[in-house]
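Notes to accompany the following structure.
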Amino acid sequence: MAITFEYKNFTDENHYLAMCAEVMSVRARGARPLACIRTYGCQQNVADSEKIKGMLSEMGFDFTETVEDADFILFNTCAVREHAEDRVFGNVGALKNIKRRHPSVIIGLCGCMMEQKHVTDRLYKSFPFVSLVFGTHSLHRFPELFYNTVTYGGRVYETGVDDMTVYEGIPTRRDGTFKGWLPIMYGCNNFCTYCIVPYTRGRERSRKFEEVVDEARAMIEAGYKEITLLGQNVNSYGKNLEPRRTFAELLSAIDSIEGDYILRFMTSHPKDCSKELIDVIASGSHISTHLHLPFQSGSDRVLKAMNRSYDREKYLGIVRYAREKIPDVSLTSDVIVGFPGETYDEFLETVSLVREVGFTSLFTFIYSPREGTPAAKMDDPYTHEEKSRRFSELLKAQEEISASRCAAMVGSEYRVLVEEETKPGVLSGRTSGNVIVEFPGGSELIGQFANVRVTKARNWILNGELA
Ligand code: SAH
Ligand code: SF4
Ligand code: F3S
């Protein structure tokens, strides 16, 4: 049965913004209150932090990178692997001394880790100086929760309350001035057996078609040169909308907005990567020729155990179709090594798929058990040492492939969006296929498109010169 969602505007919280501003104007150590926001995890979290910063701006906050200077410290956390969680626990522990030195500082935690009860229980016991905790579903309630924290003086915890609503109109303060994230949907329904995201982000819900197109248009008018559409599985965009819409339709509608910009998106799940989508990319005027299509494993048995709903042949079929329609398509992917019970032969099927496809680059992860997921209860006879050996073997294979892909680009000219000056007089930008190119040039080119001829390949980074 289809789940229905409500669509609401973020107005209920507006008076809390003003009330927080009033309290903080008195409480701040400096002339204006300062917030230090640290973001862990994926672009969804980055986009959420931009909303939190938007709300804080309206409360009169400025921002700092230094925890020592801040009146409010917030860590936006990620639960996807143990390593991510350990980093957060370590860094929160280190804030104890800051709280001792500046008792008025407010320390908060939010994001995916906060939607897991065993984590919030541990925090409550071990970190009494953390006074504000809220989960991904309570983002729109941040002003009220923050107000309660500063006025009540106790600890405010709000997690696990998905009200099945999509909130529009939350103020956003984007980190970049020419590159911006644009969430098109939230949550995930796929329940891959290893993954915590469906538990931390709730059921999949799409933003309304017109809202997304309007926001994209506003970003283009404001001078954004790169827009990345975000969702855990953008290919299932629109399934809960009435009338039903597809991601291909959305991409095509945004692509038809006039302007000089590049349109990216992530992440595509192979199970509903349609030919229609690839056709839209092939005929697009602004759409990047990069497809990030995580395959996770090259073994059909493992894919089934992961509940990925596609097999190796289906994946390779998408790759063949993409290469046929978009000859210069750049493919990247995510892979997990050491899923419970994965044999060495099954791992070798992953390596052979990597060689067969020839990815531009790969994000490789060693499986990390996540409490509450089905895979965490599966038998796992292989040691961490064995998994690390396989991991290195995969990295080595991919390094060769990335190097030869980059080498094949030498001599050709690419249009890149210039992103930053990596050292004085050296700029770096990305091709449409998302490959980094470094070349000599002046900082006035940052935020502009430039044509660059590739002169040399250094593993996965290219050197070039302005054409
Ligand atoms: N929605 C995206 C991925 C989000 S998580 C998709 O399905 O493609 C990003 C990546 O983290 C995943 O693609 C996967 O490779 C990895 N990952 C997720 N859970 C993991 C776990 N428990 N252990 C190791 N890697 C994991
Ligand atoms: Fe996790 Fe799978 Fe959803 Fe991606 S599609 S977020 S891997 S459950
Ligand atoms: Fe991490 Fe949550 Fe993203 S678990 S990867 S921040 S959706």
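The values are calculated or read from the model by the stated rules, or taken from the named source; none is laboratory data. Just so you know, these numbers come straight off a predicted model, no measurement behind them. All Cβ positions, even for glycine, are placed from backbone atoms using ideal geometry, and neighbour counts span all protein chains on display. Just the protein is used for accessible areas: all its heavy atoms, side chains included, with ligands, DNA and RNA removed. Shrake-Rupley method; radii C 1.70, N 1.55, O 1.52, S 1.80 Å.
For the stretch 168-186, check the following and say yes or no: at least one residue is of a type in the set (Val, Ile, Thr), within 16 Å of ligand 3 (Cβ to nearest atom) and either buried (at least 18 other Cβ atoms within 10 Å of the Cβ) or modelled with pLDDT of 95 or more (or both). So that I can check it myself, show each step before the final result.
We begin by selecting, within the stretch 168-186, every residue of a type in the set (Val, Ile, Thr); these are 170, 172, 177, 184.
Restricting the remaining residues to those that are within 16 Å of ligand 3 (Cβ to nearest atom) gives 184.
Subset that is either buried (at least 18 other Cβ atoms within 10 Å of the Cβ) or modelled with pLDDT of 95 or more (or both): 184.
Yes, there is a match, as at least one residue in the stretch 168-186 is of a type in the set (Val, Ile, Thr), within 16 Å of ligand 3 (Cβ to nearest atom) and either buried (at least 18 other Cβ atoms within 10 Å of the Cβ) or modelled with pLDDT of 95 or more (or both).
Within the stretch 235-266, can you find the residues that are within 16 Å of ligand 1 (Cβ to nearest atom) and closer than 24 Å to Gly429 by Cβ?
Within the stretch 235-266, Arg264, Phe265, Met266 meet the criteria.
Only residues that are touching a strand residue (DSSP E or B) at 6+ places or on another chain (Cβ under 9 Å), open to solvent by less than 10 Å² (accessible area, probe 1.4 Å) and assigned to a helix (DSSP H, G or I): list them for the stretch 194-214, please.
Across the stretch 194-214, the qualifying residues are Thr200, Val212.
Scan the stretch 306-338 for residues that are within 19 Å of Thr364 (Cβ to Cβ) and within 13 Å of ligand 1 (Cβ to nearest atom) and jot them down.
Within the stretch 306-338, Met306, Arg308, Tyr315, Thr332, Ser333, Asp334, Val335, Ile336, Val337, Gly338 meet the criteria.
Restricting to the stretch 353-394, name every residue that is closer than 24 Å to Thr289 by Cα and assigned to a helix (DSSP H, G or I). Walk me through it before giving the result.
Going residue by residue through the stretch 353-394, those that are closer than 24 Å to Thr289 by Cα are 353-364.
Answer for the stretch 353-394, where residues must be closer than 24 Å to Thr289 by Cα and assigned to a helix (DSSP H, G or I): Leu353, Val354, Arg355, Glu356, Val357.
Please report, ordered by residue number, the strands (runs of 3 or more DSSP E) entirely within the stretch 5-81 with at least 3 residues that are aliphatic (A, V, I, L, M) and either in contact with a strand residue (DSSP E or B) (Cβ under 6 Å, 6 or more places away or on another chain) or touching a residue at least 12 places away in the same chain (Cβ under 8 Å) (or both).
Numbers: elements: 6-9, 34-39, 72-77.
Ranges flagged: 34-39.
For Val351, all conditions in the list (1) outside the structural domain of Ile401 (by TED's automatic domain parsing); (2) among the hydrophobic types (A, V, I, L, M, F, W, C); (3) in contact (Cβ under 8 Å) with a residue 40 or more places away in the chain hold save one; what is the number of the exception?
Result: Val351 fails condition (1) only.
Of all the residues that make up the stretch 369-390, how many are within 16 Å of ligand 3 (Cβ to nearest atom) and either on the phi < 0 side of the Ramachandran plot or open to solvent by 70 Å² or more (accessible area, probe 1.4 Å) (or both)?
Taking the stretch 369-390 as the starting set, the residues that turn out to be within 16 Å of ligand 3 (Cβ to nearest atom) are 369-373, 375-376.
Imposing the further condition that a residue be either on the phi < 0 side of the Ramachandran plot or open to solvent by 70 Å² or more (accessible area, probe 1.4 Å) (or both) reduces the set to 369-371, 373, 375-376.
The total comes to 6.
Within the stretch 38-87, which residues are under 15 Å from Phe134 (Cβ atoms), of a type in the set (A, V, I, L, M, F, W, C) and more than 10 Å from ligand 3 (Cβ to nearest atom)?
Ile52, Met55, Leu56, Phe72, Ile73, Leu74, Phe75
Name the pairs whose Cβ atoms lie under 6 Å apart, with the first residue in the stretch 281-295 and aromatic (Phe, Trp, Tyr), the second at pLDDT 95 or above and surrounded by 22 or more Cβ atoms within 10 Å (Cβ to Cβ), and 6 or more positions between them or separate chains?
From residues that are aromatic (Phe, Trp, Tyr), the pairs are Phe295/Tyr315; Phe295/Ser333.
Applying the selection to the stretch 215-237, what residues are part of a loop (DSSP other than H, G, I, E, B) and open to solvent by 20 Å² or more (accessible area, probe 1.4 Å)? Spell out the reasoning first.
At the first step, the residues of the stretch 215-237 found to be part of a loop (DSSP other than H, G, I, E, B) are 222-225, 231-233, 237.
Once the filter is applied, which keeps residues that are part of a loop (DSSP other than H, G, I, E, B) and open to solvent by 20 Å² or more (accessible area, probe 1.4 Å), the stretch 215-237 yields Ala222, Gly223, Tyr224, Lys225, Gln232.
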